[in-house]
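Engineer: Take this structure, written in structure tokens, and hold onto it; I'll ask about it next.
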Amino acid sequence: MNRINKVFQKDGTIMSIYFTAGFPAKNDTLSIIKELDSAGVEMIEIGLPFSDPLADGPTIQNSSTIALKNGMNTIILFEQLKNLRKMTDVPVVIMGYFNPILQFGIEKFCESCKEVGIDGLIIPDLPVDIYNDKYQKIFKSYGLLNMFLITPQTSEKRIKYIDGISEGFIYMVSSYNVTGAIKSFDSFQKKYFKRINEMNLNSPLLVGFGISNKNTFIDAGKYSRGAIIGSAYINWISKNGIYKTSEFIKSLRD
């Protein structure tokens with residue numbers, strides 16, 4: 001069974017932490033993973049830096065720009081991840097845009113993911129129907145789950161279609177905006193969470209975009225299995241360094 005599916009069989013609120021590969025420094029990837037593993041997160045999401053990250057807000061865009069200037073690329077990331085499974089059993093997902101994956105070669109990318117122990121992918125600009133028609137068999141052959149995003153604007157019909165194809169979790173985007181930390185969810189967002197939760201989908205949900213503190217993390221857990229946290233963590237390590245990761249995780253849970 002895929003590690004992602006195993007995590008969702010456990011009780012408790014799931015915390016998935018996103019960071020950009022190559023940020024703050026090019027060779028920080030394994031150090032950050034080690035810190036997140038030690039801090040007890042349930043899932044790790046590695047962002048593959050891209051020059052035009054359309055779904056990302058200024059914090060993640062900036063980290064991606066710095067990572068690219070540091071020389072990070074897909075080949076280097078897979079080289080860094082060779083010893084991934086010697087240091088953690090936590091599910092690890094790569095979040096990347098389709099163009100770099102296509103340039104690398106889709107099957108080659110999937111094969112490389114399997115070799116280093118990646119469990120799944122999030123590709124925001126790969127439409128679910130194109131994935132289903134052209135790429136699903138390739139992903140499955142390498143044991144990779146592909147997670148899809150829904151927003152408040154996603155129709156119920158589309159959500160059910162995504163649910164029927166999904167084998168991991170559905171990424172429930174908290175708003176139609178780009179990524180970025182907020183202090184609390186408004187009534188519109190909570191109504192949206194409740195509406196999706198009451199659809200009784202087969203796939204578990206994780207809330208992303210805007211999770212930045214204990215309050216938003218707890219609220220996300222009321223309407224889903226947990227949350228994906230990115231901008232807030234990147235802001236934290238920018239100010240405090242990667243070796244105070246455990247303090248950040250505790251601030252959300254304690």
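Engineer: Of the residues Ile122, Ile60, Ile118, Ile138, only one is over 22 Å from Gln9 (Cα atoms), surrounded by 22 or more Cβ atoms within 10 Å (Cβ to Cβ) and of a type in the set (Val, Ile, Thr); which?
Structural biologist: Ile60
Engineer: Related question: Restricting the search to the stretch 224-247, which residues are in a helix (DSSP H, G or I) and in contact (Cβ under 8 Å) with a residue 40 or more places away in the chain?
Structural biologist: To start, the set of residues in the stretch 224-247 that are in a helix (DSSP H, G or I) comprises 231-240, 242-247.
Hits for the stretch 224-247 are Ser231, Ala232, Tyr233, Ile234, Asn235, Ile237, Ser238, Ile242, Tyr243, Thr245, Ser246.
Engineer: Leu81 fails exactly one of the following numbered conditions: (1) assigned to a loop (DSSP other than H, G, I, E, B); (2) touching a Gly at 6+ places or on another chain (Cβ under 8 Å). What is the number of that condition?
Structural biologist: (1)
Quick grid of which residues meet (1) crowded, with 19+ Cβ neighbours inside 10 Å; (2) not aromatic (Phe, Trp, Tyr):
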residue: Asn146; (1), (2): yes, yes
residue: Ser155; (1), (2): no, yes
residue: Lys190; (1), (2): no, yes
residue: Glu198; (1), (2): no, yes
residue: Ile211; (1), (2): yes, yes
residue: Thr216; (1), (2): yes, yes
residue: Tyr223; (1), (2): yes, no
residue: Ile228; (1), (2): yes, yes
residue: Ala232; (1), (2): yes, yes
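Engineer: Among the numbered conditions (1) part of a helix (DSSP H, G or I); (2) on the phi > 0 side of the Ramachandran plot, tell me where Asp219 comes up short.
Structural biologist: (2)
Engineer: Just one of Val7, Val41 is in a loop (DSSP other than H, G, I, E, B), among the β-branched types (Val, Ile, Thr) and buried (at least 20 other Cβ atoms within 10 Å of the Cβ); which is it? First the steps, then the outcome.
Structural biologist: On the way: Val7 fails: in a loop (DSSP other than H, G, I, E, B).
Within the list Val7, Val41, the selection yields Val41.
Engineer: Follow-up. Could you tell me which numbered condition Leu68 fails, if it satisfies all but one of (1) over 27 Å from Glu167 (Cα atoms); (2) touching a Leu at 6+ places or on another chain (Cβ under 9 Å); (3) among the hydrophobic types (A, V, I, L, M, F, W, C)?
Structural biologist: Going through the list (1) over 27 Å from Glu167 (Cα atoms); (2) touching a Leu at 6+ places or on another chain (Cβ under 9 Å); (3) among the hydrophobic types (A, V, I, L, M, F, W, C), Leu68 breaks only (2).
Engineer: Would you confirm, using the coordinates I've provided, whether Val173 is within 20 Å of the chain's Cα centre (by Cα), at pLDDT below 95 and of a type in the set (Val, Ile, Thr)?
Structural biologist: On the way: within 20 Å of the chain's Cα centre (by Cα): yes; at pLDDT below 95: yes; of a type in the set (Val, Ile, Thr): yes.
Yes: the conditions hold for Val173.
Engineer: Continuing with this model, one more query. Scan the stretch 209-220 residue by residue and report those that are within 13 Å of Thr13 (Cα to Cα) and either among the charged types (D, E, K, R) or more than 16 Å from the chain's Cα centre (by Cα) (or both).
Structural biologist: Of all residues in the stretch 209-220, those within 13 Å of Thr13 (Cα to Cα) come to 214, 216-220.
Lys214, Thr216, Ile218, Asp219 - these are the residues of the stretch 209-220 that are within 13 Å of Thr13 (Cα to Cα) and either among the charged types (D, E, K, R) or more than 16 Å from the chain's Cα centre (by Cα) (or both).
Engineer: Just name the residue that is farthest from Gly208 (Cα to Cα) out of those in the stretch 125-135 that are within 19 Å of the chain's Cα centre (by Cα) and buried (at least 17 other Cβ atoms within 10 Å of the Cβ).
Structural biologist: Initial filter on the stretch 125-135 (within 19 Å of the chain's Cα centre (by Cα)): 125-128, 131.
Next, only the ones that are buried (at least 17 other Cβ atoms within 10 Å of the Cβ) stay: 126, 128, 131.
Details: Leu126: 18, Val128: 18, Tyr131: 22 Å.
Out of the qualifying residues, it is Tyr131.
Engineer: Let me ask you something else. Suppose we filter Lys190, Lys194, Lys183 for residues that are at pLDDT 90 or above and among the basic types (Lys, Arg); which single one remains?
Structural biologist: Numbers: Lys190 fails: at pLDDT 90 or above; Lys183 fails: at pLDDT 90 or above.
Among Lys190, Lys194, Lys183, only Lys194 is at pLDDT 90 or above and among the basic types (Lys, Arg).
The values are calculated or read from the model by the stated rules, or taken from the named source; none is laboratory data. Source: prediction; values computed, not measured. Every residue, glycine as well, gets a Cβ built from its backbone with ideal geometry; the counts of neighbours run over all protein chains shown.
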